[in-house]
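Enquirer: Dumping the structure here so I can ask a few things about it.
All of the numbers you see were taken from the coordinates with simple rules; none came from a lab. Everything numeric here is computed off the predicted structure, so don't read it as measured data. Glycine also receives a Cβ, built like all others from the backbone with ideal geometry; neighbour counts cover every protein chain displayed.
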Number of protein chains: 2
Amino acid sequence: MERTRMQIIRSLLAGEKSFWELIRDQDGDLSSYCQEIGQLIEEGIIEADDQKITLTEKGQEWAGRNRIKPLQDIICSRCEGKGLVLQGIFQEVLEQFRQLTKDRPPAIAEFDQGFVEPENTVARVAFMYARGDLENKNIFILGDDDLTTIAAALTQMPRRIVVAEIDERIVEFITTVVERQGWKNVQVVKYDVRNPLPEELQGQFDVFVTDPVETIPGLKLFLSRCIQALKGKSSAGYFGLTHLEASRKKWYAIQQMILDMNFVITDLVHDFHRYILEREKFVTKNYPVVEKAPVPLPVPQVNWYTSNLFRLEAVGVPQPATDKKSSLGRELYFDNESYATLP
Amino acid sequence: MERTRMQIIRSLLAGEKSFWELIRDQDGDLSSYCQEIGQLIEEGIIEADDQKITLTEKGQEWAGRNRIKPLQDIICSRCEGKGLVLQGIFQEVLEQFRQLTKDRPPAIAEFDQGFVEPENTVARVAFMYARGDLENKNIFILGDDDLTTIAAALTQMPRRIVVAEIDERIVEFITTVVERQGWKNVQVVKYDVRNPLPEELQGQFDVFVTDPVETIPGLKLFLSRCIQALKGKSSAGYFGLTHLEASRKKWYAIQQMILDMNFVITDLVHDFHRYILEREKFVTKNYPVVEKAPVPLPVPQVNWYTSNLFRLEAVGVPQPATDKKSSLGRELYFDNESYATLP
C-alpha cells in the first residue's frame, strides 16, 4: 500500500489526473488502488471532482516531508517501454494487420473479451520472433480476440498455426481472412477451454500463445490446455497477466503453478499490453471497480487497462494440472479481484 | 538446441560475426552455444577463421529450406531494449556517475567481479525508481563492483543506503566518494557473504540490490542474506542473472528458491546488463569457454557478456534459506556451467 500511495502522489505532483489515467502510474491491483484513493481523500491529501483528482495543499506538504518528487517520465517513448520497435518486416505487418482487422468483431462481456491495441498484437509477435519462437515454428493460439493469428501469419514465418476459439464471431472472422489471404498453414478450430484438448492437438506445437482469464481456476485451465498442446522440453509459451485484477498473492500462486507444470519464466515485461475497452460502459455498467470507486467517475479518455507479458520455457515434459473436462461456470471469469469483469 | 541453432544461423545470414558478437544474438548458455557451433562446423553449415564465423553455401541452403530469414534488428535503439531512457534527473545522474567513477578499481577474478556499463548501473536505479523502490526507501546493496550505491545516492532520493562489500578496494573507493560528497545517509560495511548477516542489518530495509554469483549454493547464500535484510511483506529486491552461465534448468531451481523464500517475480528484463570484461584475458586465460570453443578465438571487440534483471516482491514474511555461516570455498563461484569464470 505504501508503494501505491507514493506512486499516486508523485503522479499527482506532476499534474492532475483522472481516476483512469492515474491507474497507469501505479502498480497496485484495482482493489488496493480504490482503497488507497479512499484513504487519501479521508486524510485530506487528495480531492476529486467529476473529472480529475488533484493533490491538496496538505498533500503537497506530505510529499515534501517524505521527499517525493513529481513523477519523472522515463518510459522510452520510441518503444513505449517494450524494448522493441516495429520496423522492417514488422512495420509492414502492422500496416497490413490494421487493414485486415478494421472490421473485427467488437469485444463482448460473455467471454470476458477486451482486445489489445493493434501495435501490441504485432509487438507480441515481434517479441516471439526475437526469442526464436516464430520462424518455422508450429504455434498454438488459445482464445484470439487479439487476432494474433493474423499478425503471426502475416509475417509468413510460422510453419503452422492452429487457433482454438470459443466465440463463433471470431472463428468466422479469422476463417474469412485466412481464406481470402490463401493461408494454407492456418487452421481455425471452435473450442471451449472447459473441454479436454482434442487428441490431434496434443503434443504438436513448439509455442503457445494465450491471453487467459485472471482467476486461478481459469488460468489453471488455460495454461493446462496450452501446455498439453506442446511438444516437450524447450517448447515455449506466451501469456498476458494483469496486475490490476491479480494481486501479488495471486501472481505467486500462478508462478508456483507454472513451475509445477515444469516451466520456467524467461521474460516478464511490465505493461506490455494496453486494452481497448469500450469506454462508456465503464461508467454505466455494474463493474466492481465502478461500485468501489470512492470518487465520481468520468468516461475514461485513455486505454487504462494493461497487462504484463510472460514468456515460459519447458525444462522437461510439460505437466498440465488437468486434462479433464471442467464444469466451471461464471467463476471461470470472476473472483473477488476481478474488478473490471462483470460477475 | 534447435532454437540456438536457428538464432545462430539467422544472425550469420545477416552478416559474418565473431565468436563473441554471435553470443549476443542467441539465448542459449555458453555450453550449448559452444556445442552448437561445433556441431554446425562438423555439418559444414558454418566455417570459421581466426576472426569471423560465416555461413557456408550449405548453410545458406539450410536456411532457405527451413525458411529462415536474416536476423531483423528490432531491439529499440533508443533504450537498447530496456524500455526506459535516462533523461531529466537520470541524465544528470549518469554524467555525475561517469565523473565520480572514472578511477574505479579494475575488476578482479578473486571475487568473480566484472562490472556493467555505467549506463546500465544508472538504468537499474531508474528502473527501481519507476517501480517505486527508490524514493524515501532504505536500500541494502550486497556486493557493489557496479557502484550502484553511488548512482542511487546521486539521485538524492533514497532515505538510507547500506552497502556490504567484501573487496577492500571497493569499500575504500565508495567510502572516499561518500565522504567527498558529504552523503550522511550512506554507510559502507566490509562484509563476507559467507558470514551471517550482522544483526543490526536484519529486517531494516525496503529494497535490496545484488549481482550474485551464478552457482546455486552461491545464489542461495546471496539471496538469503539480502532478504534477511528486508522489513517484510511488499519489500522488493533486484538481482542480475545471466543465461550464459545458467541453463534454464538452473533458472528453474533459482525460481523455485525465490518462491520458497516467499517472493514473487514481478519483472524479468532480457539482457538488461552488459558487462565490461577485460577483453584480452578472454583469449589468454584458462576460462572454460576458451577451452571449449571449437573455433580460433579473436580478442573480443564487443561487451558480449550480458545478464537479465529480476525484480522480486515479498508476498509474506521473507524466509531465507539459511542464516548460518557458510564454509563454501571456490565452489561459491564455480560450477560446470561457469564458462566465463576461472575455476
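Enquirer: Once amide H atoms are built 1.01 Å from N in the peptide plane, which residues 5 or more positions from B:I53, or in another chain, come under 5 Å H to H?
Expert: B:K17, B:S18, B:F19
Enquirer: For a 31 Å ceiling on Cα separation, which of these pairs sit above it: A:K231/A:K325; A:K249/B:K250; A:K102/A:K324; A:K292/A:K324?
Expert: A:K102/A:K324; A:K292/A:K324
Enquirer: Between B:V290 and A:E42, with labels modelled 7 Å along Cα→Cβ, what's the label distance in nm to one decimal, could you check?
Expert: So the label points at B:V290 and A:E42 sit 6.5 nm apart.
Enquirer: Another question about this same structure. About its Cα centre, what dipole magnitude does the stretch A:198-246 give when the only charges are +1 on Lys and Arg Cβ and -1 on Asp and Glu Cβ, stated in debye to the nearest 20?
Expert: Its charge dipole is roughly 200 debye.
Enquirer: So which aspartates and glutamates can A:K281 reach, going by Cα to Cα under 15 Å and dropping same-chain residues fewer than 8 places off?
Expert: Straight-distance partners of A:K281: A:E110, A:D112, A:E291.
Enquirer: Under 13 Å from a point 7 Å along the Cα-to-Cβ line of A:R159: which residues of the stretch B:32-69 have their amide N that close?
Expert: What the label zone holds, given the 13 Å backbone N cut-off, is B:65-68.
Enquirer: If the label point is 7 Å along Cα→Cβ of A:V283, which residues in the stretch A:300-343 have backbone nitrogen under 15 Å from it?
Expert: A:300-304, by backbone N distance to the label point.
Enquirer: Separate question: Which of A:Y33, A:Y339 comes first, and how do the rest follow, when ranked by fewest Cβ neighbours within 10 Å?
Expert: Values: A:Y33 24, A:Y339 20.
Sorted ascending by nearby Cβ count, the order is A:Y339, A:Y33.
Enquirer: State the cysteines of the protein assembly as shown left without a partner when partners are defined as other cysteines whose beta carbon lies under 4.7 Å away.
Expert: A:C34, A:C226, B:C34, B:C226
Enquirer: With N residues in the protein assembly as shown, what two-decimal value do you get for its Cα radius of gyration over 2.2 N^0.38 Å?
Expert: Here the Cα radius of gyration is 0.96 times the empirical estimate.
Enquirer: Over chain A, calculate the relative contact order: mean separation of alpha carbon pairs under 8 Å at least 6 apart, over the residue count, as a percent. Display every interim value, and only then the final one.
Expert: Values: 636 pairs, mean separation 69.7, N = 343.
Relative CO of chain A lands at 20 percent.
Enquirer: Starting from the 7 Å offset along Cα-to-Cβ, what nm value, one decimal, do you get for the label separation of B:Q181 and A:L13?
Expert: Result: 1.9 nm between the two label points.
Enquirer: A further question follows. Amide H to amide H under 5 Å from A:N138: which residues, 5+ apart in sequence or cross-chain, H placed 1.01 Å off N in plane?
Expert: Under 5 Å from the amide H of A:N138: A:R159, A:R160, A:D206, A:V207.
Enquirer: State to the nearest 20 debye the size of the charge dipole of the stretch A:160-256 about its Cα centre, where the only charges are +1 on K and R beta carbons and -1 on D and E beta carbons.
Expert: 400 debye
Enquirer: Over chain A, with a Gaussian network built from C-alpha contacts below 10 Å, which listed residue (A:Y287, A:Y305, A:Y238) shows the highest mean-square fluctuation?
Expert: Per the Cα network of chain A with a 10 Å cutoff, A:Y287 tops the list.
Enquirer: Follow-up. Non-local amide H neighbours of A:T266 (under 5 Å, H modeled in plane, Pro and chain starts lacking H): which ones?
Expert: Placed amide hydrogens put A:R311, A:L312, A:E313 under 5 Å from A:T266.
Enquirer: Under 10 Å, Cα contacts only: if you run a Gaussian network model on chain B, which one of B:L223, B:L147, B:L268 comes out with the highest mean-square fluctuation?
Expert: B:L268
Enquirer: Moving on to the next point. Give me a single rounded figure for A:268-277: the average over its residues of other chain Cβ atoms within 10 Å of their Cβ.
Expert: Taking all residues of A:268-277 together, the mean is 3.
Enquirer: With both partners inside the protein assembly as shown, how many of the DSSP beta bridges are antiparallel, as a percent to the nearest 5? Display every interim value, and only then the final one.
Expert: Numbers: 43 of 81 bridges.
Around 55 percent antiparallel, to the nearest 5.
Enquirer: Dipole size in debye (nearest 20) for chain A around its Cα centre, Lys and Arg Cβ +1, Asp and Glu Cβ -1?
Expert: 800 debye
Enquirer: In the protein assembly as shown, if the dipole is taken from +1 on Lys/Arg beta carbons and -1 on Asp/Glu beta carbons about the Cα centre, which of A:P320, B:F90, A:N185 is farthest to the positive end?
Expert: Farthest towards the positive pole: A:P320.
Enquirer: Choose one of A:V299, A:L219, A:V122: the residue whose Cα lies farthest towards the positive end of the charge dipole of the stretch A:89-332 (beta-carbon charges +1 Lys, Arg; -1 Asp, Glu; about the Cα centre).
Expert: Towards the positive end, the residue furthest out is A:L219.
Enquirer: Find out how many positive minus negative residues lie around B:G316, taking Lys and Arg as positive, Asp and Glu as negative, among other residues whose Cβ is under 14 Å from that of B:G316.
Expert: Taking every other residue near B:G316 into account, the sum is +3.
Enquirer: Of the DSSP beta bridges with both residues in chain B, give the percent that are antiparallel, rounding to the nearest 5. Spell out each step's value before the answer.
Expert: Working: 20 of 39 bridges.
Counting only bridges with both partners in chain B, antiparallel ones make up about 50 percent.
Enquirer: Order by neighbour count: B:H273, B:H243, fewest other Cβ atoms within 10 Å first, most last.
Expert: Ranked by crowding around the Cβ, least crowded first: B:H243, B:H273.
Enquirer: What nm distance separates the two modelled labels at A:E95 and B:V317, each placed 7 Å from Cα along Cα→Cβ?
Expert: Once both label points are built, they end up 6.1 nm from each other.
Enquirer: Now, a different point. Based only on other Cβ atoms within 10 Å, what is the fewest-to-most ordering of B:T4, A:T175?
Expert: Starting with the residue having the fewest Cβ neighbours, the order is A:T175, B:T4.
Enquirer: What value, in deg cm²/dmol to 500, does the helix sum -39500 (n - 2.57) over DSSP H runs of n ≥ 4 give at 222 nm once divided by the residues of the protein assembly as shown?
Expert: So the helix-based figure for the protein assembly as shown works out to -10500 deg cm²/dmol.
Enquirer: With N set to the number of residues, divide the alpha-carbon radius of gyration of the stretch B:1-92 by 2.2 N^0.38 Å and report two decimals. Intermediate results must be reported in sequence, preceding the final value.
Expert: Working: Rg = 15.8 Å, N = 92, 2.2 N^0.38 = 12.3 Å.
The stretch B:1-92 yields a ratio of 1.29.
Enquirer: Of A:T215, A:T54, A:T242, which is the most mobile in a GNM of chain A whose springs link Cα atoms less than 10 angstrom apart?
Expert: It is A:T54.
Enquirer: OK, next. Find the centroid of the Cα atoms in the stretch B:110-138 and in the stretch B:154-224, then give the distance between the two in whole Å.
Expert: First find each Cα centre; the distance between them is then 12 Å.
Enquirer: If I take all pairs of Cα atoms in the stretch B:210-276, what percentage of them are more than 15 Å from each other?
Expert: 53 percent
Enquirer: How big, in percent, is the set of alpha carbon pairs in the stretch A:89-332 lying more than 26 Å apart?
Expert: More than 26 Å apart: 36 percent of the Cα pairs in the stretch A:89-332.
Enquirer: Got the A:M257 label distances to the other copies yet, label 7 Å along Cα→Cβ, in nm, shortest first?
Expert: 2.7
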